[in-house]
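To start, the structure under review is shown below, and the notes come after it.
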Amino acid sequence: MDQPIGVIDSGVGGLTVASELMRQLPKERLIYLGDTLRCPYGPRPKEEVIQYTLEMVNFLLKQDIKLLVIACNTATAFTLELLQEQLDIPVIGVIQPGARAAIKMTKNMQIGVIGTEGTIRSRAYPDALHGINSEIEVQGLSCPDFVPMVEQGVITGPEAYQVVETALQSIKEKQIIDTLILGCTHYPLLKDTIQAVMGEDVHIISSGEETAREVSVILGYHQTLYEGDRSPKHRFYTTGPWEIFERIAIQWLDIPINIIENANIETN
Ligand code: DGL
């Protein structure tokens, strides 16, 4: 079916999920919308995140998408159920797939989750993990310094290491968890640094991979996968400046940017 998959995020971080979708579903066409103008969503109140997310969804629905991926953890935490109830297309968030991947990996049932203040406050990850297995012990930690650092392109090197080490100190010194979920779109860009700080014995989970797998299964189930042969042209929209987009997409994720446009989303 030649309808695109819609992907929304508060900004550029969702490109980590888009890149995994492109890798696993190379014939599918994506329409990505990043709300860079109003990013970050992490520290915002729930009502505001819901309002902004609905505005983004309305923009993408006008582009006739066949499935919606909420690539933003904070937006998933606050709007997934609402959108699944309201829309008549499948809606996939990043939290359940991340939780499932972590449960597959853990051996000692001790899982850490790092994310924005909003995501950690919402308790969406502990709820998702306990929904699968109520014996899992979860340690949540918000890391508000990571998103601005990634947005500035500081991803590796001594500065990134120091910020990550300081932020993760409380989780690391307990030496309990064997699996750590990167519960924020930006954190996969810091994966090597986070792994170096936590040590090789801790499994690091990025939900992008598992989310893309779920999208593939759902499109297959609904018989809406694109079946022809093509290299699709993806379309990227941003509510803010393009520069950060291009830098993260090309420099860090090697995503080909075919079409990038400014989105005029209707705000209330
Ligand atoms: N996309 C957000 C998330 O995954 C991180 C950036 C933000 O705070 O908006 O939670």
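The values are calculated or read from the model by the stated rules, or taken from the named source; none is laboratory data. Note that this is a predicted model, so its numbers are computed, not measured. So basically every Cβ, Gly included, is an ideal-geometry build from the backbone, and we count neighbours across all protein chains shown. All accessible areas refer to the heavy atoms of the entire protein, side chains included, with ligands and DNA or RNA removed. Shrake-Rupley method; radii C 1.70, N 1.55, O 1.52, S 1.80 Å.
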Any chance you could count how many residues in region 157-173 are more than 20 Å from ASN73 (Cα to Cα) and touching a Gly at 6+ places or on another chain (Cβ under 9 Å)? 2
Residues (touching a helix residue (DSSP H, G or I) at 6+ places or on another chain (Cβ under 7 Å) and open to solvent by less than 10 Å² (accessible area, probe 1.4 Å)) located in region 45-75: VAL49, THR53, VAL57, LEU67, LEU68, VAL69, ILE70, ALA71, ASN73, THR74, ALA75
Suppose the filter is of a type in the set (A, V, I, L, M) and farther than 28 Å from PRO256 by Cα; does ILE95 pass it? no
Can you spot a residue in region 214-231 that is within 16 Å of the ligand (Cβ to nearest atom) and hydrophobic (A, V, I, L, M, F, W, C)? no
Among the residues of region 134-165, which ones are touching a strand residue (DSSP E or B) at 6+ places or on another chain (Cβ under 7 Å) and closer than 20 Å to ALA196 by Cβ? GLN139, LEU141, CYS143
Evaluate the following for GLY131: is it more than 19 Å from GLY13 (Cβ to Cβ) and among the small types (Gly, Ala, Ser)? yes
From the list LYS27, LYS46, LYS62, pick out the single residue that is within 28 Å of PRO232 (Cα to Cα) and touching a Phe, Trp or Tyr at 6+ places or on another chain (Cβ under 7 Å). LYS27
Filter region 107-154 down to the residues that are under 17 Å from GLY93 (Cβ atoms) and of a type in the set (S, T, N, Q) and list them by number. THR116, THR119, SER122
Which ones in region 202-214 are aliphatic (A, V, I, L, M), outside any helix (DSSP H, G or I) and under 13 Å from the mean Cα position of the chain (by Cα)? ILE205
